[in-house]
Amino acid sequence: MVSRRNKEQQKTNSISDYRSDFPILTREVYGQPLVYFDNGATTQKPRCVLETIQRFYNEINANIHRGVHKLSDESTLEYENAREVVRGFLNARKSSEIIFTSGATASLNLVAFSFGEVFVSQGDEVLVTEMEHHSNIVPWQLLCERKGAKLKVLPFDENGELILDELPKLLTPKTRIVAVTHVSNTLGTVNPIAEIVRIAHSQNVPVLVDGAQGVKHGIVDVQQLDVDFYAFSGHKIYGPTGIGVLYGKEEWLDRMVPWQSGGDMIATVTFAKTTFNELPFKFEAGTANYIGAVGLVTALTYYSRIGIEAATSYEGELLQYAIERLSEIDGLTIYGNAREKAAIISFLLKDIHPYDTGMVLDKMGIAVRTGNHCTQPVIDHFGIDGTVRASLAFYNTFEEIDRLYDALVKIKAMFG
Ligand code: PMP
């Protein structure tokens, strides 16, 4: 086993030095320095994001696309510039393929409705995977109920890896779409998206990727992956809440119907008929979260500057260390041992309910998540009540993992 000290010396670089950019990380919880291990639920925000939001409200704020005045002009410019930055971040072909939503859930619902209305009919099939978040199951389930279509499920194995051999067998001439998560928020599994896309496209089936966890795990190039849709939330990649993105290939978006209606998404309105605006506005009804969009791209720019690959690689070292340390604890089981794994570690202490573990960790200043993590089928797969989940970010440290280890040893003794 690598000792703590050696491990500290191995600490590759200064990635976690960026920690000081995050004001909240200096706070204490119950008299202890906060250890924030709930990054899968939401990440903390760097100072530059907070300052951008404040600057926007202080100096620019005006509704976009509508005003003839200077402030509205500036606001619109910043919003549309944000779209262009997201386009570059995902390497989409056109900025009109970037739709701002309120988050990953909204993006997934958008596709389930707008794609589903046009392309899914009675008797058709929609394929999801067993490791999806509820946000990438329920919208499809509702669509299937509405249309009389069938929801099919690609299973995962005991390591938490999708059984890819099953994929070609599950695809039929009736399959209309495959909806799959990039990274499992419970198991940490990084799915082989390019391979899944290749198999699905060979049967002319488009692929929607839920990138809520995946977008922060390495560089995402939607053209290289050749995905048809990619959805993510700003708040899970160091940006503000209430803003998200849907990338969609123009060839699909053009043929899809609007999912929400109202201002901005129209071209003309009469009582006889409404015609719709061009992409991407067709899918952005009402006042957009333009300040959220600007906050999001500040976060994306910040994260890119740190270096996404460097951050991910450091998180990988943290994960490895966490696995080593936690595995030393007798009676601790880790769920999800995929070969490609993001820095998410789900575990249980034998005979101790996950809520009890989570509550006591909280009292020790360590924030983790407990329960089914909105992935009830994953929890059912293992026949358990839930897990304790520690999800890491680049601002976490090896010392914090030692604190988790020490706390778990105490909890085990306490309940033992
Ligand atoms: N998919 C995955 C894999 C997630 O982890 C989450 C958030 N836990 C979502 C979708 C939903 O994201 P949001 O709540 O930001 O819409």
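The values are calculated or read from the model by the stated rules, or taken from the named source; none is laboratory data. As the structure is a computational prediction, the values presented were derived from the model and not from experiment. Every residue, glycine as well, gets a Cβ built from its backbone with ideal geometry; the counts of neighbours run over all protein chains shown. Accessible surface areas use protein heavy atoms only, side chains included; no ligands, DNA or RNA. Shrake-Rupley method; radii C 1.70, N 1.55, O 1.52, S 1.80 Å.
Tally time: how many residues in segment 85-121 are open to solvent by less than 50 Å² (accessible area, probe 1.4 Å), within 16 Å of the ligand (Cβ to nearest atom) and either part of a loop (DSSP other than H, G, I, E, B) or of a type in the set (Asp, Glu) (or both)?
The qualifying residues number 1.
Hydrophobic (A, V, I, L, M, F, W, C), out of contact with any Cys (no Cβ under 9 Å at 6 or more places or on another chain) and either at pLDDT below 95 or open to solvent by 20 Å² or more (accessible area, probe 1.4 Å) (or both): does that describe Ala311?
Working: hydrophobic (A, V, I, L, M, F, W, C): yes; out of contact with any Cys (no Cβ under 9 Å at 6 or more places or on another chain): yes; either at pLDDT below 95 or open to solvent by 20 Å² or more (accessible area, probe 1.4 Å) (or both): no.
Taking the combined requirement at face value, the residue does not satisfy it.
Output yes when any residue across segment 143-154 is in contact (Cβ under 8 Å) with a residue 24 or more places away in the chain, within 16 Å of the ligand (Cβ to nearest atom) and more than 20 Å from Val227 (Cα to Cα), and no when none is.
no
Restricting to segment 87-98, name every residue that is under 16 Å from the mean Cα position of the chain (by Cα) and closer than 30 Å to Gln141 by Cα. Before the answer, list the steps.
Narrowing segment 87-98 to residues under 16 Å from the mean Cα position of the chain (by Cα): 89-90.
Matches in segment 87-98: Leu90 only.
Of all residues being open to solvent by 50 Å² or more (accessible area, probe 1.4 Å) and in contact with a helix residue (DSSP H, G or I) (Cβ under 8 Å, 6 or more places away or on another chain) in segment 52-64, which is farthest from Tyr290 (Cα to Cα)? Just the residue, please.
As a first pass, look at segment 52-64 and keep what is open to solvent by 50 Å² or more (accessible area, probe 1.4 Å): 54-55, 57-59, 61, 63.
Then keep just the ones that are in contact with a helix residue (DSSP H, G or I) (Cβ under 8 Å, 6 or more places away or on another chain); that gives 57, 61, 63.
Details: Tyr57: 11, Asn61: 9, Asn63: 8 Å.
Top of the filtered list is Tyr57.
Quick one: which residue in Ser202, Ser261 is more than 18 Å from Glu132 (Cβ to Cβ), among the small types (Gly, Ala, Ser), in contact with a strand residue (DSSP E or B) (Cβ under 9 Å, 6 or more places away or on another chain) and open to solvent by 10 Å² or more (accessible area, probe 1.4 Å)?
Values: Ser202 fails: in contact with a strand residue (DSSP E or B) (Cβ under 9 Å, 6 or more places away or on another chain).
Sole residue among the options that is more than 18 Å from Glu132 (Cβ to Cβ), among the small types (Gly, Ala, Ser), in contact with a strand residue (DSSP E or B) (Cβ under 9 Å, 6 or more places away or on another chain) and open to solvent by 10 Å² or more (accessible area, probe 1.4 Å): Ser261.
Please identify the pairs in which a residue from segment 13-31 that is outside any helix (DSSP H, G or I) has its Cβ atom under 9 Å from the Cβ atom of a residue that is open to solvent by less than 70 Å² (accessible area, probe 1.4 Å) and of a type in the set (Lys, Arg), counting only partners at least 6 apart or on another chain.
Phe22/Lys45
Are any residues in segment 32-64 touching a strand residue (DSSP E or B) at 6+ places or on another chain (Cβ under 8 Å), outside any loop (DSSP other than H, G, I, E, B) and among the aliphatic types (A, V, I, L, M), and if so, which ones?
Of everything in segment 32-64, just one residue is touching a strand residue (DSSP E or B) at 6+ places or on another chain (Cβ under 8 Å), outside any loop (DSSP other than H, G, I, E, B) and among the aliphatic types (A, V, I, L, M), namely Val35.
Go through segment 352-366 residue by residue and tally those that are of a type in the set (A, V, I, L, M), out of contact with any strand residue (DSSP E or B) (no Cβ under 7 Å at 6 or more places or on another chain) and within 13 Å of Ala407 (Cα to Cα).
Narrowing segment 352-366 to residues of a type in the set (A, V, I, L, M): 352, 359-361, 364, 366.
When the remaining residues are screened for being out of contact with any strand residue (DSSP E or B) (no Cβ under 7 Å at 6 or more places or on another chain), the result is 352, 359-361.
Filter once more, keeping what is within 13 Å of Ala407 (Cα to Cα): 359-361.
Total satisfying the criteria: 3.
Select from segment 253-312 the residues that are of a type in the set (S, T, N, Q) and part of a loop (DSSP other than H, G, I, E, B) and list them in ascending order.
Of segment 253-312, the ones of a type in the set (S, T, N, Q) are 260-261, 268, 270, 274-275, 277, 287, 289, 298, 301, 304, 312.
Residues satisfying the conditions are Gln260, Ser261, Thr270, Asn277, Thr287, Asn289.
Testing Thr26 on (1) under 30 Å from Arg403 (Cα atoms); (2) among the polar types (S, T, N, Q); (3) open to solvent by less than 60 Å² (accessible area, probe 1.4 Å), one condition comes back false. Which one is that?
The failed condition is (3).
So, in segment 227-245, of the ones that are within 14 Å of Ala179 (Cα to Cα) and more than 12 Å from the chain's Cα centre (by Cα), which residue ends up nearest to the ligand (Cβ to nearest atom)? So that I can check it myself, show each step before the final result.
Going through segment 227-245, the residues within 14 Å of Ala179 (Cα to Cα) turn out to be 227-232.
The next check asks that each one be more than 12 Å from the chain's Cα centre (by Cα); those that pass are 227-229.
On the way: Val227: 15, Asp228: 17, Phe229: 13 Å.
The qualifying residue nearest to the ligand (Cβ to nearest atom) is Phe229.
Within segment 122-141, can you find the residues that are open to solvent by 60 Å² or more (accessible area, probe 1.4 Å) and away from the ligand (no atom under 16 Å from the Cβ)?
Going through segment 122-141, the residues open to solvent by 60 Å² or more (accessible area, probe 1.4 Å) turn out to be 122, 138, 141.
Correct list: Gln122 only.
Sort through Gly365, Gly371 and tell me the only one that's open to solvent by less than 10 Å² (accessible area, probe 1.4 Å) and in contact (Cβ under 8 Å) with a residue 60 or more places away in the chain. Don't jump to the end; show me each part of the working.
Details: Gly371 fails: in contact (Cβ under 8 Å) with a residue 60 or more places away in the chain.
Exactly one of Gly365, Gly371 is open to solvent by less than 10 Å² (accessible area, probe 1.4 Å) and in contact (Cβ under 8 Å) with a residue 60 or more places away in the chain, namely Gly365.
Those residues that are more than 10 Å from the ligand (Cβ to nearest atom) and open to solvent by 10 Å² or more (accessible area, probe 1.4 Å), I need them from segment 179-190; list them, please. Step through it out loud before you land on a result.
Here is the first cut: in segment 179-190, the ones more than 10 Å from the ligand (Cβ to nearest atom) are 179-180, 187-190.
Correct list: Val190 only.
Can you confirm whether segment 65-73 contains a residue that is buried (at least 17 other Cβ atoms within 10 Å of the Cβ) and either away from the ligand (no atom under 16 Å from the Cβ) or assigned to a helix (DSSP H, G or I) (or both)?
Let us first name the residues in segment 65-73 that are buried (at least 17 other Cβ atoms within 10 Å of the Cβ), namely 65, 72.
With either away from the ligand (no atom under 16 Å from the Cβ) or assigned to a helix (DSSP H, G or I) (or both) added as a condition, the list becomes 65, 72.
So far as segment 65-73 goes, yes, one or more of its residues are buried (at least 17 other Cβ atoms within 10 Å of the Cβ) and either away from the ligand (no atom under 16 Å from the Cβ) or assigned to a helix (DSSP H, G or I) (or both).
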